[in-house]
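This report refers to the structure that appears directly beneath it.
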Amino acid sequence: TPNSPVFALDAAVTAISQEEVTFAWQAPTGVFDGYLLEVSTDFTFANTNLMLDGYGRGGVPQNLSSVEIEETVSGLMPGQTYFVRIRAYNASGQSPNSNIISFTTIPRAPSNGNVGNITQTSASISWLAATGAETYFLDLNTSSDFGLETQLFSEFPLAVAFEVLTDLTPGTTYYARV
């Protein structure tokens, strides 16, 4: 049986977005015919129903040629954590599984921003949490294109999806984005 391919932990994921990831691996030494690749939302890979279509769902992994050392997976959910493993195969059988890598796709932006409790010098802003977000950044500006100097409120914990804005200038229009 062939040796196992290996994911370099510091360079396995080469590109990532809300719905797509590209990752690379190191080819094993020795003779092998191709790879079997699995992507799952389950770290144990025990439930094939939690694997992606075409990447292990129903027990059918993605079959890749031996010359490939990179794969792009599309159709992912924003803010979701996935796990990947790969093994090589030849006529003698399959290698053991590689090390497992994980990645989390970029979460969607928070939605349904709401401004309330407006006074001449204060207001509160709230938003709906985005799946997979760990922290939030609130950008407050007097320019609708955010081209002027901005006031950044940063690193709100996940449980805090609001901010009370104080020391606002009366008669000034403010724009906010989270």
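Limited to the range 27-46, what total is found for residues that are part of a strand (DSSP E or B) and of a type in the set (A, V, I, L, M, F, W, C)?
Count: 3.
So, Gly58, is that one under 19 Å from Thr173 (Cβ atoms) and either buried (at least 17 other Cβ atoms within 10 Å of the Cβ) or not β-branched (Val, Ile, Thr) (or both) or not?
Criteria not met by Gly58.
Look at Val178 and say whether it is exposed (fewer than 11 other Cβ atoms within 10 Å of the Cβ), in contact (Cβ under 8 Å) with a residue 24 or more places away in the chain and touching a strand residue (DSSP E or B) at 6+ places or on another chain (Cβ under 6 Å).
Judged against the criteria, Val178 is not a match.
Just checking, how many residues over the range 1-17 are open to solvent by less than 40 Å² (accessible area, probe 1.4 Å) and in contact with a Ser or Thr (Cβ under 9 Å, 6 or more places away or on another chain)?
Count: 4.
Can you tell me which of (1) of a type outside the set (A, V, I, L, M); (2) out of contact with any helix residue (DSSP H, G or I) (no Cβ under 9 Å at 6 or more places or on another chain); (3) assigned to a loop (DSSP other than H, G, I, E, B) is the one Thr22 doesn't meet?
Among (1) of a type outside the set (A, V, I, L, M); (2) out of contact with any helix residue (DSSP H, G or I) (no Cβ under 9 Å at 6 or more places or on another chain); (3) assigned to a loop (DSSP other than H, G, I, E, B), the lone unmet condition for Thr22 is (3).
Among Thr105, Thr119, which is open to solvent by 30 Å² or more (accessible area, probe 1.4 Å), among the β-branched types (Val, Ile, Thr) and at negative phi?
Thr119
Are any of the residues in the range 62-70 outside any loop (DSSP other than H, G, I, E, B) and surrounded by 15 or more Cβ atoms within 10 Å (Cβ to Cβ)?
Yes, that holds for at least one residue.
For residues that are more than 17 Å from Ala15 (Cβ to Cβ), open to solvent by less than 50 Å² (accessible area, probe 1.4 Å) and hydroxyl-bearing (Ser, Thr, Tyr), tally how many sit in the range 82-99.
Looking only at that region, the number is 2.
Tell me, yes or no, whether the range 41-50 has at least one residue that is among the hydroxyl-bearing types (Ser, Thr, Tyr), loosely packed, with under 15 Cβ neighbours inside 10 Å and without any contact (Cβ under 8 Å) to a residue 40 or more places away in the chain.
Checked the range 41-50: at least one residue is among the hydroxyl-bearing types (Ser, Thr, Tyr), loosely packed, with under 15 Cβ neighbours inside 10 Å and without any contact (Cβ under 8 Å) to a residue 40 or more places away in the chain.
The values are calculated or read from the model by the stated rules, or taken from the named source; none is laboratory data. Because the structure is a prediction, the values reported are computed rather than measured. Methodologically, a virtual Cβ is constructed for each residue, glycine included, from the backbone with ideal geometry; neighbour enumeration extends over all protein chains shown. Only protein heavy atoms, including side chains, enter the accessible area calculation; ligands, DNA and RNA are left aside. Shrake-Rupley method; radii C 1.70, N 1.55, O 1.52, S 1.80 Å.
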